[in-house]
Amino acid sequence: MAKTRVVILGGGFGGLAAAKALGRDVDVTVVDRHNYQTFLPLLYQVSTAGLAADHVAYPIRGALQKSAGKFRMGSPIAIDHKNKTVKLDSSEVLPFDHLVVAMGSVTADFGTPGVEEFALGMKSIHEALTIRAEVMRRFEDLCRFEDDTLFSITVIGGGPTGVEMAGALAELVRGPLMNDMAHAARHINISIIEAGPRLLPMFSESLSEKVKISLEKLGVKVLVNSAVKEVEWRKINLRNGESIPSEVTIWAAGVKGNPVLESLSLPIDRGRLDVDPTLQAKNYPHIWAVGDISGGKGADGRFLPMVAPVAMQQGRFVAAQILRVIKGKELKEFSYKDKGSMATIGRHKAIVEVKKIRYSGYFAWVTWLFLHLFYLMGGRNRIGTIVDWFWNYFTFDRGNRHIMDSM
């Protein structure tokens with residue numbers, strides 16, 4: 001008897017979790033426009049010269065070896081629901097019995113003018129290398145002038161990505177760049193802008209305040225209650241009428257479901273695939289959604305957060321659901337098990353919150369390091385990351401300060 005055919009659109013955390021959980025019980029094909037998975041939680045360290053880019057990328061074919069899964073590089077352009085096939089931009093047509101949509105998210109600008117033209121996103125290795133190149137190029141510009149010319153870097157968004165980016169930039173300036181050219185480093189200003197009343201609103205107020213104090217000690221200017229009205233060339237206009245200079249603007253204010261979804265004739269709920277509690281697409285029981293693109297909701301009726309733990313839990317859950325269908329068993333409803341949140345601000349500085357357990361400082365930082373190494377795919381990537389981290393820690397240097405964009 002032929003194996004059940006499962007096509008998974010997306011090779012991120014959710015898609016690969018589903019493929020691995022399905023194992024050899026079904027015929028699995030993973031489709032992604034890249035032939036590697038990006039470890040997004042450490043992407044900001046590539047941007048700030050802390051890690052080499054290849055340490056946060058892992059070949060999808062390598063990840064599928066144990067499960068005997070197949071891989072196709074491409075993007076879906078159409079789904080034939082009647083014949084259960086999906087067409088790729090490579091013109092290949094893949095038949096399926098079950099389709100798992102796990103195409104992730106893209107940067108959301110919330111309609112803010114100028115973001116697309118003048119701000120840099122944080123969703124891909126290419127974007128991370130572009131940020132690094134822009135920062136280092138402006139630093140080299142400063143090194144040519146021994147005057148009071150200032151270089152301003154602004155991070156928009158006070159969530160974990162924005163906070164970690166601002167902290168890493170500050171440490172880059174205070175350490176390696178100060179050693180390279182002290183006069184130029186002293187003329188670099190770093191700011192973080194948050195529209196709400198405090199940074200990291202998903203954490204307790206006490207931990208948010210500790211993060212704010214830590215960033216300010218690193219020299220970061222923290223602006224809260226400061227919604228962005230418009231991003232212009234080298235300038236940011238706030239809704240309160242203020243304007244701040246910004247030669248490099250990094251947008252970390254939010255993400256949204258991948259817009260590719262709109263071309264696939266699937267039900268959409270506010271940018272995400274509309275699903276039942278079983279994670280099946282509404283009216284399409286053979287189509288499933290996991291990760292950032294899934295419209296799965298929590299007990300409070302709100303969308304689940306767009307974070308890796310949700311994607312991985314949903315990926316494993318959908319794999320089990322498909323196996324239940326094959327065996328004729330009753331389906332279950334997805335329930336997210338929140339294992340807590342964490343964020344790092346820099347050397348010895350991090351916060352961890354697991355339900356009512358909250359701690360910060362050195363132990364939280366070690367916890368953050370361990371968990372990120374644990375989930376990073378590939379022994380080579382783990383060893384490379386450990387080496388980079390040890391080098392950065394003991395030498396106060398960052399050896400990845402190369403300008404390697406397309407220019």
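Worth pointing out:
- Projecting the Cα atoms of ALA319, SER226, TYR393 onto the charge dipole of the chain (Cβ charges, centred on the Cα centre) puts ALA319 farthest toward the positive pole.
- Rg and Dmax, both from the Cα atoms of the stretch 344-404 and both in Å, are 13.5, 44.
- Our note on the geometry: Cα centres of the stretch 277-351 and the stretch 1-60, 16 Å apart.
- Cut-off under 5 Å, modelled amide H: who pairs with PHE71 long-range: VAL30
- Viscosity 0.692 mPa s, temperature 37 °C, Stokes-Einstein D of the stretch 170-238 from Kirkwood C-alpha radius, µm²/s: 241 µm²/s
- Here is the tail figure for the stretch 145-290: Cα pairs spaced more than 26 Å apart come to 43 percent of all pairs.
- For the stretch 79-104 versus the stretch 201-274, the spacing of their alpha-carbon centroids is 34 Å.
- Whole-Hz couplings from phi, Karplus 6.51/-1.76/1.60, listed for the stretch 96-111; x for Gly and Pro: 8, 9, 9, 10, 9, 9, 9, 7, x, 9, 10, 4, 9, 9, 6, x
- Estimated at 0.36 nm per residue, the fully extended path between GLU209 and TRP391 surpasses their Cα-Cα distance by 62.5 nm.
- Within the chain, the whole DSSP H helices whose Cα atoms reach 15 Å or more along their own axis and whose mean Kyte-Doolittle score is at least -0.5 are 125-143, 160-172, 308-327, 362-375, 379-395.
- A Cα-only calculation for the stretch 109-179 places Rg and Dmax at 13.5, 40 Å.
- Three-way shape call for the stretch 263-407 based on the alpha-carbon gyration tensor, with the a/c threshold at 1.5: prolate
- Of the peptides 158-165, 303-310, 393-400, 94-101, the ranking by mean beta-carbon count within 10 Å, highest at the top, reads 158-165, 94-101, 303-310, 393-400.
- Estimated inter-spin distance, SER335 and VAL354, nm [label 7 Å along Cα→Cβ]: 2.0 nm
Read the figures in this text as sums done on the coordinates, not as results from a lab. Everything numeric here is computed off the predicted structure, so don't read it as measured data. FYI the Cβ positions are ideal-geometry reconstructions off the backbone, even for glycines, and counts take in every protein chain you see.
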